[in-house]
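Report on the following structure.
The values are calculated or read from the model by the stated rules, or taken from the named source; none is laboratory data. All values reported here derive from a predicted model rather than from experimental measurement. For neighbour counting, all protein chains shown are included, and Cβ atoms are generated from backbone atoms with ideal geometry for every residue, glycine included.
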Protein chains: 2
Amino acid sequence: MIGHLDQVAVGTEFESRRSLYDAGVHRALQAGIVGRAAEGAESIVLSGGYPDDEDFGEFVIYTGSGGRDPNTGRQVADQHFVKQNKALVTSHLRGLPVRVIRGGRHNEFAPHSGFRYDGTYRVGRYWREEGRDGFQICRFRLEALAPDELPDRITSSKVVTRSAVTVQRIVRDTAMSRRVKGWHGYCCQVCGITLECIGGLYAEGAHIRPLGKPHNGPDTEDNLLCLCPNHHVLFDAGGFTIDEAYLIDGIDGIDGKLRTIPRHQLNQKHLEYHRNLWRSE
Amino acid sequence: MIGHLDQVAVGTEFESRRSLYDAGVHRALQAGIVGRAAEGAESIVLSGGYPDDEDFGEFVIYTGSGGRDPNTGRQVADQHFVKQNKALVTSHLRGLPVRVIRGGRHNEFAPHSGFRYDGTYRVGRYWREEGRDGFQICRFRLEALAPDELPDRITSSKVVTRSAVTVQRIVRDTAMSRRVKGWHGYCCQVCGITLECIGGLYAEGAHIRPLGKPHNGPDTEDNLLCLCPNHHVLFDAGGFTIDEAYLIDGIDGIDGKLRTIPRHQLNQKHLEYHRNLWRSE
């Protein structure tokens, strides 16, 4: 239930939390976040109930759950990166999409009444800060994954700014790569490092024969490596290749062989394809 | 002259290579790539002259320069990652935007006549492969930085597909961060590693107090660290913080102090802001 649901188009409106629930878009009647710490968040509802939330359409500064007095709505204790908040951290660390639903009328992006499914967002940064009531709150920056497909009500109010910030690197991820990373316990197959972040471990799935045109590599486990970001950068940019016997060619100071496990077999043809991208000049 | 030019809107059409040149959009009358190995590429022209090029609108598989017979247009020697080709590698490694110009009529995205400025693209992957004439050619995958702002002729033919591929990480970059990385010789200020890719070195500029809402950190040298991707991930996700004396708090096995150089002073207030994002729970 993670990600976009094929049967529900972006922009679909719903009368109530009950109808959202029945459609499987947001599977809770009260909670703002649906998800589990171990699996990631499925969906969030933005309905203006949290005074600390800030909605910018294409991105949202979202407040976690916990520590609120149910009667007054005021924060009476610190929030922590546990339960649903940890689910959003897991979504960040694994690169999982989160469904975003906006509820009625509270700002210029919200529908006039009821609720609207606004597509999937990625969880960018997360952190804690002091909220309006003086307690620590968990905060998440969510960014639309397909900003050009957002409902008109959002895109029409968007201010297009051409910023001096450029994109240096985009790491893409697939369900298959998350499975392979799990098998390796998020340890890099080149150096054995695991990155320990607040809330969980981080690694990247590196496709040996790249996905997409023109390489058209398959998203299969035998075409994937579990790597730390450093070795992912190097692998994609020809900093090393891997030979038929899994010996690593090109990095000094690394134990010469790829770390492999029996259940994860690599396809020799894909390794050869990668070597051919970087034939010595 | 790198990046979008304020005075030339995306979609502007030009009669000739001469008028492109005079506007500063593509500062060469014949070459397909303008740029220098040390500084990155300024712009490329896609005009259908290279049979190996493949244009998908939002992204392009582009062939490098060199090794062609000027009379027949056939490839007669291997291409290498040098000169203009290396400029495109530099653009990738530094995350620099490249202006893309399409020339007349050769495909469904091109203008009916003359040339059109289509905004900036990032250089995604690069590699070498055997071209149609049997020689090694340099290849680059260029991706539109603002796909929703492309001219109508491109977006109207676009097939919207919602793929199972998700975005796990986006690394953003600024001119200031490129300067800071240069000062440190692309060595990580935490571990001292430099990533050596084919064509150049790779490091990331990490803003201490994050850019953008809601943090609104400044893009100044005293708010930037030069880090390897691994330590950038950890720094952004609370894996470590840096104290007043530049001691690193939170990573085992690292020499306890940030590597600093006299010309690059950090702002203590920004370090404190970062520590406050990750106050122990």
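Observations, loosely collected:
- Residue tally, condition under 15 Å from A:G134 (Cβ atoms) and modelled with pLDDT of 90 or more, over the range A:63-73: 4
- Single residue of the range B:161-172 satisfying the filter (within 7 Å of chain A (Cβ to nearest Cβ) and assigned to a loop (DSSP other than H, G, I, E, B)) that is modelled with the highest pLDDT: B:V165
- Within the option set A:N230, A:N216, being under 23 Å from B:L142 (Cα atoms), at the interface with chain B (Cβ under 9 Å from one of its Cβ atoms) and without any contact (Cβ under 8 Å) to a residue 60 or more places away in the chain holds for one residue only, A:N230.
- Residues of the range B:4-52 classified as of a type in the set (K, R) and either within 18 Å of the chain's Cα centre (by Cα) or not assigned by TED's automatic domain parsing to the domain that holds B:R132 (or both), total: 1
- Residue list for the range A:237-248, restricted to those being part of a strand (DSSP E or B) and aliphatic (A, V, I, L, M): A:I242, A:L247, A:I248
- Options B:H207, B:H232: the member that is in contact with a strand residue (DSSP E or B) (Cβ under 9 Å, 6 or more places away or on another chain) and more than 30 Å from B:Q84 (Cβ to Cβ): B:H207
This table checks each residue for (1) exposed (fewer than 15 other Cβ atoms within 10 Å of the Cβ); (2) assigned by TED's automatic domain parsing to the domain that holds A:N85; (3) not charged (D, E, K, R).
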{"site": "A:L195", "(1), (2), (3)": "no, no, yes"}
{"site": "A:N216", "(1), (2), (3)": "yes, no, yes"}
{"site": "A:D236", "(1), (2), (3)": "no, no, no"}
{"site": "A:I248", "(1), (2), (3)": "no, no, yes"}
{"site": "A:I261", "(1), (2), (3)": "yes, no, yes"}
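- Residue within the range B:35-45 that is out of contact with any strand residue (DSSP E or B) (no Cβ under 7 Å at 6 or more places or on another chain), surrounded by fewer than 22 Cβ atoms within 10 Å (Cβ to Cβ), among the charged types (D, E, K, R) and over 18 Å from B:E130 (Cα atoms) present: yes
Here's the yes/no breakdown for (1) on the phi > 0 side of the Ramachandran plot; (2) in contact with a Leu (Cβ under 7 Å, 6 or more places away or on another chain); (3) within 14 Å of chain A (Cβ to nearest Cβ):
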{"site": "B:T174", "(1), (2), (3)": "no, no, yes"}
{"site": "B:R178", "(1), (2), (3)": "no, no, yes"}
{"site": "B:G185", "(1), (2), (3)": "yes, no, no"}
{"site": "B:F235", "(1), (2), (3)": "no, yes, yes"}
{"site": "B:D243", "(1), (2), (3)": "no, no, no"}
{"site": "B:R259", "(1), (2), (3)": "no, no, no"}
{"site": "B:H274", "(1), (2), (3)": "no, no, yes"}
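- Residue match in the range A:127-140 (condition: over 30 Å from A:R74 (Cβ atoms) and facing chain B (nearest Cβ under 9 Å)): no
- Index of the failed condition, A:G256 passing every other in (1) over 18 Å from B:V123 (Cα atoms); (2) surrounded by fewer than 24 Cβ atoms within 10 Å (Cβ to Cβ); (3) in contact (Cβ under 8 Å) with a residue 12 or more places away in the chain: (3)
- The range B:141-153 - residue that is touching a strand residue (DSSP E or B) at 6+ places or on another chain (Cβ under 7 Å) and away from chain A (no Cβ under 11 Å) and, of those, modelled with the lowest pLDDT: B:P151
- Test: residue in the range B:67-83 that is part of a strand (DSSP E or B) and under 25 Å from B:P147 (Cα atoms): no
- Test: residue in the range B:249-259 that is of a type in the set (K, R) and either within 30 Å of A:L227 (Cα to Cα) or not in a helix (DSSP H, G or I) (or both): yes
- In the range A:104-118, of all residues being in contact with a Pro (Cβ under 8 Å, 6 or more places away or on another chain) and surrounded by 21 or more Cβ atoms within 10 Å (Cβ to Cβ), the one that is farthest from the other protein chains (Cβ to nearest Cβ) corresponds to A:R116.
- Restricting attention to the range B:261-281 and to residues that are more than 25 Å from B:C187 (Cβ to Cβ) and in a loop (DSSP other than H, G, I, E, B), the residue that is nearest to the chain's Cα centre (by Cα) turns out to be B:R279.
- Filtered residue count, the range A:29-63, keeping only those that are in contact with a helix residue (DSSP H, G or I) (Cβ under 7 Å, 6 or more places away or on another chain), within 14 Å of another protein chain (Cβ to nearest Cβ), not in a loop (DSSP other than H, G, I, E, B) and not aliphatic (A, V, I, L, M): 1
- Test: residue in the range B:114-129 that is more than 30 Å from A:S280 (Cα to Cα), part of a loop (DSSP other than H, G, I, E, B) and not assigned by TED's automatic domain parsing to the domain that holds B:D219: yes
- Residue match in the range A:72-82 (condition: of a type in the set (D, E), more than 12 Å from chain B (Cβ to nearest Cβ) and in contact with a strand residue (DSSP E or B) (Cβ under 9 Å, 6 or more places away or on another chain)): no
- Residues (assigned to a strand (DSSP E or B) and either among the aliphatic types (A, V, I, L, M) or under 30 Å from A:R141 (Cα atoms) (or both)) located in the range B:199-213: B:L201, B:Y202, B:E204, B:G205, B:A206, B:H207
- Condition check for B:K269: under 18 Å from A:E129 (Cβ atoms) and out of contact with any Lys or Arg (no Cβ under 7 Å at 6 or more places or on another chain): yes
- Positions within the range B:187-198 being assigned to a loop (DSSP other than H, G, I, E, B), facing chain A (nearest Cβ under 9 Å) and touching a Gly at 6+ places or on another chain (Cβ under 8 Å), in sequence order: B:I198
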